[in-house]
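One structure is given here, and the rest of the page talks about it.
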Amino acid sequence: MSDNTAAMSTTKERRGLTRPQMAWRAAQDIFDGAYVNLGIGIPEMVARFVPEGREVIYHTENGVLGFGPPPEPGEEVPELINAGKKPITLNPGASFFHHADSFAMIRGGHIDICILGALQVGDNGDLANWSTGAKDAVPAVGGAMDLVAGVRRVYVIADHVTSRGEPKFLHRCTYPLTGAGVIQRIYSNLAVLDITPEGFLLRETAPGVTVEELRELTDAPLAVAEDLKTIEAPSLS
């Protein structure tokens with residue numbers, strides 16, 4: 001992406017999908033019966049939009065399996081929280097276990113899908129989502145390194161560019177890695193990208209977003225699927 005494009009991007013309003021719409025699009029790819037771990041932020045919204053009739057069993061690193069939606073205001077139980085310290089409810093059959101057992105589930109390959117945020121993603125599937133490498137930054141890797149190493153499918157939800165208009169999806173990450181070659185799919189506000197052996201493959205675009213624009217905003221070659229689609233997300237806020 002050129003310096004001029006980056007400068008222009010900083011003055012434009014955020015385009016494409018809203019954050020709930022990004023979460024909705026990711027939710028459509030969660031299959032029935034999946035064991036799922038959702039990262040903090042936009043990924044947490046995904047649970048709201050899983051299609052009706054699909055059973056999804058949610059796992060959180062602090063030791064809960066089978067938790068449900070957030071409680072109604074005033075009905076929170078302080079002891080019932082997810083890894084992001086957000087209040088949760090319990091579905092029938094939910095279970096509690098030691099923190100070490102929770103990570104044994106992750107490292108043992110027992111979680112089907114993990115959806116995380118990202119600072120950068122390389123076109124080889126590398127993920128950087130815990131540090132910019134700045135000396136004054138506070139490291140906050142959490143359980144992400146375990147998740148990307150042990151979960152069967154790892155997806156990313158992230159805006160296509162930073163608040164400064166800089167690409168998040170690169171040929172190679174410049175920030176410290178969370179994991180190498182671990183990402184399979186990206187859901188951004190502008191597109192759905194797959195990671196292939198040849199690099200980024202554009203599968204879907206947000207309404208009104210062109211391939212040429214995406215190539216300007218992606219700092220790596222971008223192949224286009226023959227069956228390229230437009231994302232038809234419902235109106236969500």
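The values are calculated or read from the model by the stated rules, or taken from the named source; none is laboratory data. Small disclaimer: the values here were computed from a predicted structure and weren't measured. Backbone-built Cβ (ideal geometry, glycine too); neighbour counts: all protein chains shown.
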Kindly list, by first and then second residue, each pair from a residue in region 23-45 that is among the β-branched types (V, I, T) to a residue that is in a strand (DSSP E or B) and crowded, with 20+ Cβ neighbours inside 10 Å, limited to pairs with Cβ atoms under 7 Å and residues at least 6 apart or on different chains. I30/V36; I30/V56; I30/I113; V36/V56; V36/Y58; V36/H59; V36/I113; I42/I157
Sort through I115, I81, I40 and tell me the only one that's at pLDDT below 95, within 22 Å of L190 (Cα to Cα) and of a type outside the set (D, E, K, R). I40
Being of a type outside the set (V, I, T) and either in contact with a Lys or Arg (Cβ under 6 Å, 6 or more places away or on another chain) or on the phi > 0 side of the Ramachandran plot (or both) is the filter here; which residues of region 84-124 pass it? K85, G93, G109, D112, Q120, G122
Taking the residues in region 33-53 that are in contact with a Leu (Cβ under 7 Å, 6 or more places away or on another chain) and of a type in the set (G, A, S) as candidates, determine which candidate is surrounded by the fewest Cβ atoms within 10 Å (Cβ to Cβ). A47
Residue in region 156-166 that is in a strand (DSSP E or B), surrounded by 14 or more Cβ atoms within 10 Å (Cβ to Cβ), in contact with a Lys or Arg (Cβ under 8 Å, 6 or more places away or on another chain) and at pLDDT 95 or above present: yes
Could you check how many residues of region 178-193 are among the polar types (S, T, N, Q), more than 11 Å from the chain's Cα centre (by Cα) and buried (at least 24 other Cβ atoms within 10 Å of the Cβ)? 1
Just for region 167-177: of the residues that are under 10 Å from L127 (Cα atoms) and of a type in the set (A, V, I, L, M, F, W, C), which one is surrounded by the fewest Cβ atoms within 10 Å (Cβ to Cβ)? L177
Name the pairs: first residue in region 179-208 and under 15 Å from G117 (Cα atoms) and in contact (Cβ under 8 Å) with a residue 12 or more places away in the chain, second residue in a strand (DSSP E or B) and among the acidic types (D, E), Cβ to Cβ under 6 Å, at least 6 apart or on different chains? R185/D194; V192/E204
I'd like to check which strands (runs of 3 or more DSSP E) are fully inside region 54-146 and have at least 3 residues that are surrounded by fewer than 17 Cβ atoms within 10 Å (Cβ to Cβ). 90-96
Among the residues of region 164-177, count how many are within 17 Å of the chain's Cα centre (by Cα) and under 13 Å from D219 (Cα atoms). 5
